[in-house]
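> Let me begin by handing over the structure; questions about it come next.
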Amino acid sequence: MPTTTRRSLAKLGALAPAAALLPRLARAADPAVKIGCPYPLSGGAASAGQAAKAAIEVAVDIVNTPHPDLAALPLAAGSGLPNLGGRKVEAMFSDHQGNPATAQSEALRLVTQEKVAALAGCYQSSCTLTASAVAERYGMPFMAPESSSPSLTERGFKWFFRTTPIGSDFGAAYADFLAGLKTSGKAVNSVAMVNENTEYGTSTGEAIAAALAAKGLKLTQRIPYNANASDVSPQVLQLKSAAPDVVIFVSYTSDAILFTKTMRNLDYRPPVLIGDDSGFSDNAYIEAVGDSAQGVINRSSYDIGKPGSVTFLVNELYRKHAGHDLDDTSARCMQGVLALFEAINRAGATEPAKIQAALKSQDLKPDQLMIGYNGVKYDAKGQNELASTLLVQLTGKKYVAVWPDRAAVQPVALPFKGWT
């Protein structure tokens, strides 16, 4: 049995203060502020979900690591959240696979088990619909950076906030653009719309239809289809038979690719083809069928900008991380999450009610953003009143701004070329 001596007791006494200090040092480093991010990391929309994940990871890096060249962006110049003692931020990702029921269960897990301070997601509006209902039930701030279904802000929710422009904004842009074409002498006598039949396609389609009607434009066909359909030949043949002057697609990535391939196989090219962002803006779409979609018109709130600009520098960070440029959807995702981090910092706490109050009072100016919104400021329903959009056209492997004139880099080229 070991003998305890006066010398050994003295040694233990000398070590005791240092040993007692260790737990206090460990507790002094506060844990990261976590946000839950349910996105489609697998399934039909996985490419968009993975791009969104990369965008959020870059947003986390911008906040956690000093970026003096991005000092115009809130929190970019320093390290962490200054109003919370420099605490870092962390994104807790989960895969909802494009399934609304899974999005709901993942949101519940993130809130109750991971103890996140807020939620951000979910790309597909149908998944945002169910996940945000969980947040509302638990009194948890929910940021929708890119889900654009107009109905999401019509539920009377108090904890739901959305930075992105929505279907009615897109519809107004398309209607104004097409009315201008008609005034200039282009044939815009018939417009067809093809939309996937989940929350995004249905709700956005209705908003576009209403905007066209308000401008006196005639929607002659509306063709809904099952999301992730394996064969769209009947829909394309229906369009080919009717021969509308304009076709607007509201589709996710796999559907947009399938429609483009089918149109080429059936040799159908409408004079004007508009793709409502989502699948058409995805880098995976451009890589898969960009050579068959030359001249497709799309909407966007993001442009890489001139070398040295904030948008350019942010894209450089993203490209280094993800291996490709930001597209409109991933850029809108990044901006929404950056806005959420700014609100959490201004709240100075992780209590949900304080973050909610900070979001309600958020008023970011255009030069504080990495995207082309007119600012971030929410109405009583949680919708960003200052969100904005422009139209771009696919030229080679890049989308280039063509409308409105003040934002245009080149004039719109019609008719839709497609392939050679």
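The values are calculated or read from the model by the stated rules, or taken from the named source; none is laboratory data. A quick note: this is a predicted structure, and the numbers were derived from the prediction, not measured. As a convention, Cβ positions derive from the backbone with ideal geometry for all residues, glycine included, and neighbour counts pool all protein chains shown.
> Of the residues Glu154, Glu90, only one is under 17 Å from Tyr200 (Cβ atoms), modelled with pLDDT of 95 or more and acidic (Asp, Glu); which?
From the options Glu154, Glu90, the qualifying one is Glu154.
> Would it be correct to say that Val289 is hydrophobic (A, V, I, L, M, F, W, C) and not assigned by TED's automatic domain parsing to the domain that holds Val63?
yes
> Can you name every residue in the stretch 188-205 that is more than 10 Å from Ile248 (Cβ to Cβ), modelled with pLDDT of 95 or more and in contact with a Pro (Cβ under 8 Å, 6 or more places away or on another chain)?
The answer is Ser190, and nothing else.
> Restricted to the stretch 271-314, and to residues that are among the acidic types (Asp, Glu) and crowded, with 19+ Cβ neighbours inside 10 Å, which residue is nearest to Asp69 (Cα to Cα)?
Per the stated criteria, the residue is Asp303.
> Against the condition of a type in the set (D, E, K, R), farther than 30 Å from Cys127 by Cβ and touching a residue at least 60 places away in the same chain (Cβ under 8 Å), how does Asp61 come out, does it pass?
no
> Moving on to the next point. As an exercise: evaluate Thr183 against (1) of a type in the set (Val, Ile, Thr); (2) touching a Ser or Thr at 6+ places or on another chain (Cβ under 7 Å); (3) free of Cβ contacts under 8 Å to residues at least 24 places away in the same chain and give the number of the one condition it does not meet.
Exception for Thr183: condition (2).
> Has the stretch 91-113 got any residue that is over 21 Å from Pro40 (Cα atoms) and part of a loop (DSSP other than H, G, I, E, B)?
no
> Whether any residue in the stretch 47-69 is at pLDDT below 95, of a type in the set (A, V, I, L, M) and in contact with a Pro (Cβ under 8 Å, 6 or more places away or on another chain) is what I want to check.
yes
> Still on this model: Which of the residues belonging to the stretch 133-167 are polar (S, T, N, Q) and over 15 Å from the mean Cα position of the chain (by Cα)?
Once the filter is applied, which keeps residues that are polar (S, T, N, Q) and over 15 Å from the mean Cα position of the chain (by Cα), the stretch 133-167 yields Ser151, Thr153.
> Among the residues of the stretch 37-69, what is the count of those that are under 20 Å from Phe341 (Cβ atoms) and in a helix (DSSP H, G or I)?
Adding up the residues that qualify gives 16.
> Looking only at the stretch 197-246, count every residue that is of a type outside the set (Ser, Thr, Tyr) and in contact (Cβ under 8 Å) with a residue 60 or more places away in the chain and tell me the total.
Residues that pass the stated criteria total 5.
> Tell me which residues, restricted to the stretch 341-392, are in contact with a helix residue (DSSP H, G or I) (Cβ under 7 Å, 6 or more places away or on another chain), over 22 Å from Val60 (Cα atoms) and in a loop (DSSP other than H, G, I, E, B).
Within the stretch 341-392, Asn374, Lys381, Gly382, Ala387, Thr389 qualify.
> Residue by residue through the stretch 287-324, note down the ones that are farther than 24 Å from Gly375 by Cα, under 18 Å from the mean Cα position of the chain (by Cα) and not in a loop (DSSP other than H, G, I, E, B).
Arg319, His321, Ala322, listed by residue number.
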